[in-house]
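Enquirer: Before we start, here is the structure in question, set down as structure tokens.
The values are calculated or read from the model by the stated rules, or taken from the named source; none is laboratory data. What you see is a predicted model; the values in this text were computed from it and never measured. All Cβ positions, glycine included, derive from the backbone under ideal geometry; neighbour counts span all protein chains shown.
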Amino acid sequence: MVLSPGPGCADTVIAGLRVWHPPQSTRLVFDLSDPVEFELFDLSDPKRLVVDMRRALVLGTLPESSALGPYLGGIRYGSPKSETLRFVFDLKQSVGYDAFLLPPEGTYGHRLVVDISPLEVEAVDRNRLKPGKRARSFVIVIDPGHGGEDPGATGRRHTREKDVVLAVSKRLSRLINGEIGMQARLTRDRDYYVSLRGRIDIAVREKADLFVSVHADAARRRSAKGASVYILSNKGATGEIARQ
């Protein structure tokens, strides 16, 4: 489908829309000339997902409905009010969603990313967390941060965080799987992005006993070495240590 110009006086040109299909999710990527103010929300009866962009002009192509994946049934756009461009995606089922902007990276320019994933998640059996005889392996879900459109931090030699943490996570997974009574699961095993909701869903589905998220943070000083470990704390203890 070829798009024609939208409302006038635009600050941002939308060059096109790309669709990715990571496992159990769909990613929409709007290629932009500049950052854009946006709002993301859903509507019911029928179910729809709406992306509003302020002072945006559309040039390029939209994917056909058949390319939108298992959760989206169709797409259309229009201008419901002055200086607002609205994309409406028909939903085949209830979904969770998230959106964020990405700055230029490599061959890509500015991007607005929308992640969509199904809401159906297997319930966690809390009884299995009670002390007692363990009848199964100890499951550790390893979460390589970033991925796909999100490179994470970039080193001075263009090393990308998403590649480093994926390699580390795969090696850690092999080491864990070599231990008796332990099993490792990865939230991603290739270069694609998994939303925060999607990472949580994987941990729940795998009935994880431990969730480990792997990142390679940037540092202001080139002499910085070592590792930092953060754990969940209701009292903020690890956050206080990090500030020190």
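Enquirer: From the list P7, P46, P22, pick out the single residue that is modelled with pLDDT under 95 and either of a type in the set (D, E) or surrounded by fewer than 17 Cβ atoms within 10 Å (Cβ to Cβ) (or both).
Expert: Checking each option against the conditions leaves just P46.
Enquirer: Let me ask another. Residues being free of Cβ contacts under 8 Å to residues at least 24 places away in the same chain and within 21 Å of L119 (Cβ to Cβ): count how many of those fall in the range 55-74.
Expert: The total comes to 2.
Enquirer: Go through G226, G198 for me and flag whichever is loosely packed, with under 15 Cβ neighbours inside 10 Å and assigned by TED's automatic domain parsing to the domain that holds V139.
Expert: So the residue among G226, G198 that is loosely packed, with under 15 Cβ neighbours inside 10 Å and assigned by TED's automatic domain parsing to the domain that holds V139 is G226.
Enquirer: Name the residues in the range 203-224 that are of a type in the set (A, V, I, L, M, F, W, C) and modelled with pLDDT of 90 or more, would you?
Expert: Within the range 203-224, A203, V204, A208, L210, F211, V212, V214, A216 meet the criteria.
Enquirer: List the number of the failed condition for L232; all other conditions in (1) outside any helix (DSSP H, G or I); (2) modelled with pLDDT of 80 or more; (3) of a type in the set (A, V, I, L, M, F, W, C) hold.
Expert: (2)
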